[in-house]
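Working notes for the structure below.
The values are calculated or read from the model by the stated rules, or taken from the named source; none is laboratory data. Just so we're clear, the structure is a prediction, and the values are computed from it rather than from any experiment. Here the Cβ is made from the backbone with ideal geometry for all residues, glycine too, and neighbour counts use every protein chain on show.
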Amino acid sequence: MQKHPLRPYIVGLTGGIGSGKSAAADHFEALGASIVDTDRIAHELTAPGGAAIDAIRDAFGAAMITPDGSLDRSAMRALAFERPEARRQLEAILHPLIRDESTRRCRVAQGAYVILAVPLLIESGTYRERCDRICVVDCPEALQVARVRARNGLAEAQIRAIMAAQASRNQRLAAADDVIDNGGDLAALHAQVQRLHAAYLHAASAPMRAC
Ligand code: ADP
């Protein structure tokens, strides 16, 4: 018997860079949710043999492809910095592929519900429309900066520039149905994820939920 007659219950998970989206998604997954992660899909599309590689080569030339056949991220970053329209062109290639693949993965997901992890969910009408509920991972900006510095070794100015290009903390909080306060330790994060998981299981199994 098909598990989801129409489509699964979808929780959009988002948050600013370094807020703890991946840490939260990992714990939802450990509890049994299906994870569909648009960042992961983007990486797969641009890995060797990925579905976006030919279109990227056609648009930007072989110089943007590494010898192993993946997108040369640093060359692409440099080009996008030099020519902003190159970034838009890359997005025009990637976004429809990411959208289609994430839709497909949501449809075939086997978990009781899907966590659809989208870094720029608040900024994107398409993804918001697809979610039954929006869960925002939140922490103070100084903590975002400290966590990304520890994770990637980026300079504070670079991290602040990325944050400035994303929705503001207040915009994200205003769009949230649920907020995970990740200002504490991992145990506190896990406890909140556990509570939400119980609520999402309940909502996903409600017989009259809107489809
Ligand atoms: P995002 O996916 O939102 O960019 P991550 O989940 O990768 O953020 O978290 C950023 C970094 O901070 C990672 O190295 C992660 O392990 C760490 N981290 C996340 N939440 C906590 C927490 N509550 N306590 C300590 N470290 C955390």
* Asked: For Arg169, all conditions in the list (1) more than 11 Å from the ligand (Cβ to nearest atom); (2) farther than 16 Å from Leu31 by Cα; (3) surrounded by fewer than 14 Cβ atoms within 10 Å (Cβ to Cβ) hold save one; what is the number of the exception?
  -> (3)
* To do: Please state which of the following conditions Leu79 fails to meet, knowing it meets all the rest: (1) away from the ligand (no atom under 16 Å from the Cβ); (2) modelled with pLDDT of 95 or more; (3) not assigned by TED's automatic domain parsing to the domain that holds Ala167.
  => (2)
* Could you tell me which numbered condition Ile122 fails, if it satisfies all but one of (1) within 23 Å of Leu186 (Cα to Cα); (2) touching a strand residue (DSSP E or B) at 6+ places or on another chain (Cβ under 7 Å); (3) within 16 Å of the ligand (Cβ to nearest atom)? => (1)
* Asked: Among the residues of the stretch 142-159, which ones are more than 9 Å from the ligand (Cβ to nearest atom) and either without any contact (Cβ under 8 Å) to a residue 40 or more places away in the chain or not assigned by TED's automatic domain parsing to the domain that holds Ser22 (or both)?
  -> Ala142, Arg149, Gly153, Leu154, Ala155, Glu156, Ala157, Gln158
* Taking the stretch 117-150 as the search range and keeping residues that are in a helix (DSSP H, G or I) and modelled with pLDDT under 95, which one is surrounded by the most Cβ atoms within 10 Å (Cβ to Cβ)? -> Tyr127
